[in-house]
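The values are calculated or read from the model by the stated rules, or taken from the named source; none is laboratory data. Every value quoted in this text rests on a predicted model; they were computed, and no experiment measured them. When we count neighbours, we look across all protein chains shown, and the Cβ atoms used for this are built from the backbone with ideal geometry, even at glycine. Ligands, DNA and RNA are excluded from the accessible area calculation, which covers all protein heavy atoms including side chains. Shrake-Rupley method; radii C 1.70, N 1.55, O 1.52, S 1.80 Å.
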Amino acid sequence: MVPAHVPAPLQTAFTPPPLSLAQEAPYPGRYTSLSAHHVVIRSFPDCNAHWQLGCFGIATVAWILTTLSMGFVEWRMWYMDSTAHYPPGMARVGVWKVCIYHRNSSFDRATSCHRHTYWDAYLPLDIRVSQHLLLAASILGLLGKAVMVCALKNVYVADFRTCATYYLITVAGFLNVAAGIFISIAAIWNYCAVMDEEGISFPPSFSLPFKPDKQEVGNAFLVACLAAVMSLSCGMFFLFSNTPQSNKVRPKIWEM
């Protein structure tokens, strides 16, 4: 016999308990949805990350200037008057090359250029040391850029990892500071050598005296100083603005 009344099956709606932010967004920067409400979570880096991105651009310019300063020959400008042994003219002494200009020809075009090597005995100590310092600064700056790219990738592209990003930015800061110190040593040593009017015993085939009648610092010195200031500034910012708290993301939540 069929009962007169059959109660309808009980329908219960299960609402999941609210989750914490760590449970809602185990992967920052991704989306999480619930059955009752659609919750969208997006993690954004703080303002320090944007400043670090700007410093990365400045560090890139500093590395380019460092590389250019190595190839410039205007580290020391020598001006010679006419003597019985040497014709009048001008010489531009660089870290890797010296170019000689004579007044009987156009100063826009060098009469002759001679490249330096590590084994040239006539080079003074400051030029030989500057060769190594500038080369090391260029390599350190390049490494610092590569490390910073990995750090910024963690911030803007991949899953944000506080410890990994913190150490990467710290390493990039040390590399940029070291590069800036190396450039500064080379630039200051060159400036002191010019102010002290130190001479260079070039080979007789160069037709250059031991000391010129007048010498001054060239444009390469200014380029190197600018590169040093930019590298040091970016490196110090990376170090002092990089704290575990500043690397944390700030989640923003929208309910759909």
Exercise for the section: Spot the failing condition for W119; the list is (1) outside any helix (DSSP H, G or I); (2) in contact with a helix residue (DSSP H, G or I) (Cβ under 9 Å, 6 or more places away or on another chain); (3) modelled with pLDDT under 90, and only one is missed. Expected result: (2)
Problem - Pairs where the first residue, in the range 181-201, is within 17 Å of V73 (Cα to Cα) and in contact (Cβ under 8 Å) with a residue 40 or more places away in the chain and the second is outside any helix (DSSP H, G or I) and of a type in the set (A, V, I, L, M, F, W, C), C-beta under 6 Å, 6+ apart - result: N190/W75; V194/V217
Exercise for the section: Considering only residues that are more than 19 Å from S69 (Cα to Cα) and aromatic (F, W, Y), look in the range 83-116 and name the one that is modelled with the highest pLDDT. Expected result: Y101
Completion exercise
Scanning the range 122-138 for residues that are loosely packed, with under 14 Cβ neighbours inside 10 Å and in a helix (DSSP H, G or I) gives L125, H132
Practice task
Tell me, please, whether a residue that is open to solvent by 40 Å² or more (accessible area, probe 1.4 Å) and among the hydroxyl-bearing types (S, T, Y) can be found in the range 149-164.
Solution key: yes
Exercise for the section: Out of A146, A178, A187, report the one residue that is modelled with pLDDT of 90 or more, loosely packed, with under 15 Cβ neighbours inside 10 Å and under 22 Å from the mean Cα position of the chain (by Cα). Expected result: A146
